[in-house]
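Data block below; observations after.
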Amino acid sequence: METIRLEFQPDIKAKILELLSAFSSEELKIVQEDDEFVRTKNELDASLEKIHNGTAKFYSFEELDEILEKTISKYES
């Protein structure tokens, strides 16, 4: 099966569901989005916007390694 995501105005929901009801449950399954999906999508959209507008902070592999080493040593004691 394939999955698509639809965004629509609330006033047409009944029409969309009526159209989709023409399909069997083997052909079509309606999946509700959960709060975690929406939260993750918002975080990713914000990160992407930072990349596009040039405000994102990027690290080299060496910088990342140094940050991780400091973090690990902080919690080892």
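The values are calculated or read from the model by the stated rules, or taken from the named source; none is laboratory data. Note that this is a predicted model, so its numbers are computed, not measured. Positions of Cβ are generated from backbone atoms using ideal geometry, with glycine treated the same way; all protein chains shown enter the neighbour counts.
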Checklist entry - Mind checking whether some residue in the stretch 36-56 is part of a loop (DSSP other than H, G, I, E, B), of a type in the set (A, V, I, L, M, F, W, C), surrounded by fewer than 10 Cβ atoms within 10 Å (Cβ to Cβ) and more than 14 Å from the chain's Cα centre (by Cα)? => result no
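Pick from the stretch 1-31 the residues that are farther than 26 Å from K41 by Cα and among the polar types (S, T, N, Q): which of them is modelled with the highest pLDDT? Walk me through it before giving the result.
At the first step, the residues of the stretch 1-31 found to be farther than 26 Å from K41 by Cα are 15, 18-19, 21-27.
Retained after the next criterion (residues that are among the polar types (S, T, N, Q)): 21, 24-25.
On the way: S21: 92, S24: 95, S25: 91.
For the stretch 1-31, the residue satisfying everything is S24.
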Checklist entry - Regarding E69, is this residue part of a helix (DSSP H, G or I) and under 21 Å from the mean Cα position of the chain (by Cα)? => result no
